[in-house]
1. So Thr31 clears everything in (1) in contact with a Gly (Cβ under 8 Å, 6 or more places away or on another chain); (2) more than 17 Å from Leu142 (Cα to Cα); (3) hydroxyl-bearing (Ser, Thr, Tyr) except one condition, right? Which one?
2. Somewhere in segment 79-93, is a residue assigned to a loop (DSSP other than H, G, I, E, B) and farther than 19 Å from Ile18 by Cβ?
3. Quick check: anything in segment 99-111 under 22 Å from Met57 (Cβ atoms), aromatic (Phe, Trp, Tyr), free of Cβ contacts under 8 Å to residues at least 60 places away in the same chain and in contact with a helix residue (DSSP H, G or I) (Cβ under 8 Å, 6 or more places away or on another chain)?
4. For segment 70-114, which residues satisfy the criterion of being surrounded by fewer than 16 Cβ atoms within 10 Å (Cβ to Cβ), over 14 Å from Val156 (Cβ atoms) and among the polar types (S, T, N, Q)?
5. Being loosely packed, with under 14 Cβ neighbours inside 10 Å, assigned to a helix (DSSP H, G or I) and in contact (Cβ under 8 Å) with a residue 12 or more places away in the chain is the filter here; which residues of segment 1-12 pass it?
6. Looking only at segment 38-53, how many residues end up being in a helix (DSSP H, G or I) and either surrounded by 12 or more Cβ atoms within 10 Å (Cβ to Cβ) or charged (D, E, K, R) (or both)?
7. Have a look at Val35, Val56 and point out the one that is in a helix (DSSP H, G or I) and either in contact with a Phe, Trp or Tyr (Cβ under 8 Å, 6 or more places away or on another chain) or surrounded by 12 or more Cβ atoms within 10 Å (Cβ to Cβ) (or both).
8. Could you check segment 86-115 and list, in sequence order, the residues that are more than 26 Å from Ile8 (Cα to Cα) and either at pLDDT below 95 or in contact with a Leu (Cβ under 8 Å, 6 or more places away or on another chain) (or both)?
Amino acid sequence: MIKLNRVINRLTDFTGWIALGFLAFMMFGITLDVVLRALTGKPVPGLFEMSEMSMVMVVFMGLGWAQSDDAHIRVTMLTDKFSPTWQRLVTTLAWLLAALALLMLAYPSTLEAIYSFSIREFRWGYFQVPIWWAKIAVAIGLWLAVVQTLLHALLVLTGRDPHRQKPVTASSQEL
């Protein structure tokens with residue numbers, strides 16, 4: 001499982017760099033748009049549409065990177081009071097529920113991506129912007145998150161949480 005986690009982390013590093021590329025595009029594009037609007041009074045044609053697509057890419061390509069860096073927000077006030085065994089079980093259940101929620105998003109997103117690709121869907125704006133590729137990226141990002149979350153649940157359950165300093169082990173006094 002640790003080897004699979006390394007492979008998943010390499011994939012999420014790759015998708016994270018894609019997210020950073022789109023974030024950089026948004027930053028420079030919006031800055032350029034502000035400057036040009038101030039100078040000419042006109043926006044950069046198509047920048048609004050491309051910024052929309054970039055935001056989607058930042059979120060769904062960066063999702064796995066946030067997971068691998070343990071950057072998601074969570075509140076552990078209640079679970080910190082549990083014994084290590086119960087912490088592990090409750091945390092595993094939470095990750096399994098998160099995987100189920102992501103699965104419920106990934107499946108219809110995949111169907112939508114397939115349909116969008118089949119009709120070569122685009123969005124009208126200042127000019128036509130194809131959006132089928134972003135829908136495919138959303139589906140890929142969600143499926144990667146499902147696999148990553150399930151793997152994380154298994155690692156927590158077996159006491160090999162990659163984000164913990166030391167493995168959680170059960171003792172006879174905990175339950």
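1. Single failed check for Thr31: (1).
2. yes
3. Within segment 99-111 (the criterion being under 22 Å from Met57 (Cβ atoms), aromatic (Phe, Trp, Tyr), free of Cβ contacts under 8 Å to residues at least 60 places away in the same chain and in contact with a helix residue (DSSP H, G or I) (Cβ under 8 Å, 6 or more places away or on another chain)), the answer is no, since none of the residues qualifies.
4. Hit for segment 70-114 is Ser83, nothing else.
5. If the condition is that a residue be loosely packed, with under 14 Cβ neighbours inside 10 Å, assigned to a helix (DSSP H, G or I) and in contact (Cβ under 8 Å) with a residue 12 or more places away in the chain, then Ile2, Leu4 are the ones that fit.
6. Matching residues across segment 38-53 total 7.
7. Criteria check complete, one pass: Val56.
8. Trp86
The values are calculated or read from the model by the stated rules, or taken from the named source; none is laboratory data. Bear in mind the structure is a predicted one, so any value in this text is a computation, not a measurement. Cβ sites come from the backbone with ideal geometry, for glycine too, and all protein chains shown count toward neighbours.
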